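Below is one structure; the comments refer to it alone.
Values in this text are rule-based calculations from the coordinates and carry no lab data. Since this is a predicted model, take the numbers as computed values, not measurements. Cβ: placed from backbone, ideal geometry, glycine included. Neighbour counts: every protein chain shown.
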Amino acid sequence: MNHENHNKPFNDAIAHKQDIEGFPKTRGGKLPLPIKLIGYFLVGGVILMFLFGLIGNFLIN
């Protein structure tokens with residue numbers, strides 16, 4: 001895929017929103033790094049709690 005045409009608006013209405021109204025340009029679905037890190041910590045924490053709970057359940061019972 002040619003990356004030069006990736007952010008090019010496909011019609012005048014989108015170009016107007018991007019230029020005049022400040023409508024954000026698409027970045028290909030990439031999230032900013034702080035939001036990625038929060039997601040990694042949340043998902044990692046849930047997985048760790050599940051594993052600790054599973055191991056604790058087998059040790060206690």
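Quick look at the numbers
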read-out: Sorted by Cβ density within 10 Å, fewest first, the residues Ile14, Ile60; value: Ile60, Ile14
read-out: Extension gain, Asn57 back to Asp12 (0.36 nm per residue minus Cα-Cα distance, nm); value: 10.1 nm
read-out: Exposure proxy order (Cβ contacts within 10 Å, fewest to most) of Lys36, Lys17; value: Lys36, Lys17
